[in-house]
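The structure under discussion appears below in the form of structure tokens.
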Amino acid sequence: MRILVTGGAGFIGSEFVRATLERYAADEVTVLDKLTYAGNLANLDPVADDMRFRFVEADIANAEAVERALDGCAMVVNFAAETHVDRSILDPDAFVKTDVLGTWTLCQAARAQAIQRFLQVSTDEVYGAVLSGASSELDRLDPSSPYSASKAGGELLVLAAAKTFGLPALVVRGANAYGPYQYPEKLIPLHITNAIDDQPLPVYGDGQQRRQWTHVSDFASGIDAVLRQGRVGEIYNVGNPEADDTLPVNLTVTRRILELLGKPESLVEYVVDRPAHDRRYRVDTSKLLGLGWRPRWSFEDGLAATVRWYADNEAWWRPIKSGERHQAYYAQNYADRSAFAR
Ligand code: NAD
Ligand code: DAU
């Protein structure tokens, strides 16, 4: 069976591709990716010589390219998206173009062909902040940022295509992923790599926000479970089911990274908060657990392994961080955060 994986050169998509080719000898994978700043062919190096792997550089919003790539595919997993909340505040249009319009173009192409399953990777951020308890798949959507609103728009279009046109769609709403190959703009890889270089670790606001940190290999195996065993038309939350109070707030994550690297607390730098910063996310994963999915990583072990991976793989992240594109973004996002306060 051939699977089209869009956004497969990114963080979670590349983990899914590597794991799928390792686990299913009979499967073939086509990755379609625009190679934005976040797409990196090095993430696919481990499978580059696999005869079952094919790469197409294209935009999911390009109907012709998507139709060609879909030829012969039985399943589609759509990871392709603009994904960073801070960038969605600086440049919201890019998010609407890819996460809404691009998703719709992909849906339309998939329904024109005899696709057996179309899995849309969405996010727990569509629920908005959840101050206590956990979001169930039936909860209302209340996104706070242009990123989460675009993701909500994308998944609602996928679900509408399922109802209206019979697209065999499934939606996964995932919690915060972390692990190897994550672009160093997100909290954990940014703070690890800054700490290695003795650079300040920016903490937004009071650092008391809470995320449901989920190892990327558990996230990818959750997607695999939904793709192969989930019921068409349904939504599944994916997230680390460890007890809420064992998952630390941001500031504790940052301090633990410093501790693991033997770096001083003085590297913590409090900066102006992100606008509309959601205080806490937590999803109820009972529906996914009901499919037999079980995570393999505790956050404690996963964070330590991730810190080791970045320490051992400077050749992967140094070219990204020293690149002009990354430095321009970093300067824009952090140099004058007072702009966010206005
Ligand atoms: P990422 O930013 O690491 O990778 C995104 C990939 O999509 C990149 O390879 C990029 O080149 C590609 N891409 C972007 N625009 C494209 C377009 N128009 N056409 C084709 N390819 C395009 O993202 P990630 O963290 O791996 O997230 C993957 C998916 O999972 C996204 O849909 C995201 O919303 C969702 N998600 C992520 C997390 C998380 O914590 N990282 C949590 C929940 C859900
Ligand atoms: O919840 C799932 C979402 O998780 C995904 O849908 C998104 O694609 C992914 O980017 C992630 O969004 P967050 O905004 O939660 O992730 P980020 O790593 O940007 O931030 C995590 C927390 O850390 C958040 O509360 C903001 C804070 N933060 C982040 C950065 C980059 C800081 O305090 N300092 C920082 O420098």
Please work out which residue is farthest from SER136 (Cα to Cα), limiting yourself to the range 84-123 and to residues that are small (Gly, Ala, Ser) and without any contact (Cβ under 8 Å) to a residue 24 or more places away in the chain. ALA114
Matching residues in the range 213-239 - criterion: being in contact with a Gly (Cβ under 9 Å, 6 or more places away or on another chain) and within 15 Å of LYS287 (Cβ to Cβ): GLY222, ILE223, ALA225, GLN229, TYR236, ASN237, VAL238, GLY239
Does the range 227-243 include one or more residues that are crowded, with 19+ Cβ neighbours inside 10 Å, over 19 Å from the mean Cα position of the chain (by Cα) and among the β-branched types (Val, Ile, Thr)? no
The lone exception for CYS73 - which of (1) surrounded by fewer than 24 Cβ atoms within 10 Å (Cβ to Cβ); (2) closer than 25 Å to GLN327 by Cβ it fails: (2)
In the range 229-258, what count of residues is obtained for those that are in contact with a helix residue (DSSP H, G or I) (Cβ under 8 Å, 6 or more places away or on another chain), away from ligand 1 (no atom under 16 Å from the Cβ) and polar (S, T, N, Q)? 2
Of residues in the range 64-99 being closer than 13 Å to VAL5 by Cβ and not small (Gly, Ala, Ser), the one nearest to ligand 2 (Cβ to nearest atom): PHE79
Quick check on the range 273-322: of everything there that is crowded, with 18+ Cβ neighbours inside 10 Å and of a type in the set (S, T, N, Q), which residue is nearest to VAL238 (Cα to Cα)? THR285
Going by what's in this entry, would LYS287 be described as under 21 Å from VAL172 (Cα atoms), among the charged types (D, E, K, R) and outside the structural domain of LEU156 (by TED's automatic domain parsing)? yes
Before we move on, is PHE118 within 15 Å of ligand 2 (Cβ to nearest atom) and of a type in the set (Phe, Trp, Tyr)? no
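Residues checked against (1) part of a loop (DSSP other than H, G, I, E, B); (2) touching a Pro at 6+ places or on another chain (Cβ under 6 Å); (3) within 9 Å of ligand 1 (Cβ to nearest atom); (4) not assigned by TED's automatic domain parsing to the domain that holds GLN327:
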| site | (1), (2), (3), (4) |
| --- | --- |
| ALA9 | yes, no, yes, yes |
| LEU21 | no, no, no, yes |
| VAL31 | no, no, yes, yes |
| THR36 | yes, no, yes, yes |
| ASP50 | yes, no, no, yes |
| GLU64 | no, no, no, yes |
| GLU67 | no, no, no, yes |
| GLY72 | yes, no, no, yes |
| VAL76 | no, no, no, yes |
The range 174-285: strands (runs of 3 or more DSSP E) wholly inside it with 3 or more residues that are out of contact with any His (no Cβ under 9 Å at 6 or more places or on another chain) are 235-238, 268-271
Please specify each residue of the range 239-273 satisfying the condition of being in contact with a Ser or Thr (Cβ under 8 Å, 6 or more places away or on another chain) and within 11 Å of ligand 2 (Cβ to nearest atom). GLY239, VAL268, VAL272
Subset of the range 195-210, residues more than 22 Å from SER88 (Cα to Cα) and surrounded by 21 or more Cβ atoms within 10 Å (Cβ to Cβ), comes to ALA195
Among ARG52, ARG68, which is the only one that is among the charged types (D, E, K, R) and more than 28 Å from GLY179 (Cα to Cα)? ARG68
Filter the range 271-317 for residues that are within 15 Å of LEU190 (Cβ to Cβ) and either over 21 Å from the mean Cα position of the chain (by Cα) or hydrophobic (A, V, I, L, M, F, W, C) (or both) and give the result. VAL271, LEU303, VAL307, TRP309, ALA311, GLU314, TRP316, TRP317
Six or more apart or on different chains, Cβ atoms under 7 Å: show the pairs whose first residue is in the range 235-255 and free of Cβ contacts under 8 Å to residues at least 40 places away in the same chain and whose second is near ligand 2 (Cβ under 9 Å from one of its atoms). none
Is it the case that the range 111-129 has a residue that's β-branched (Val, Ile, Thr) and farther than 22 Å from CYS73 by Cβ? yes
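The values are calculated or read from the model by the stated rules, or taken from the named source; none is laboratory data. This one's a predicted model, so the numbers in the text were calculated from it and none came from an experiment. All Cβ positions, glycine included, derive from the backbone under ideal geometry; neighbour counts span all protein chains shown.
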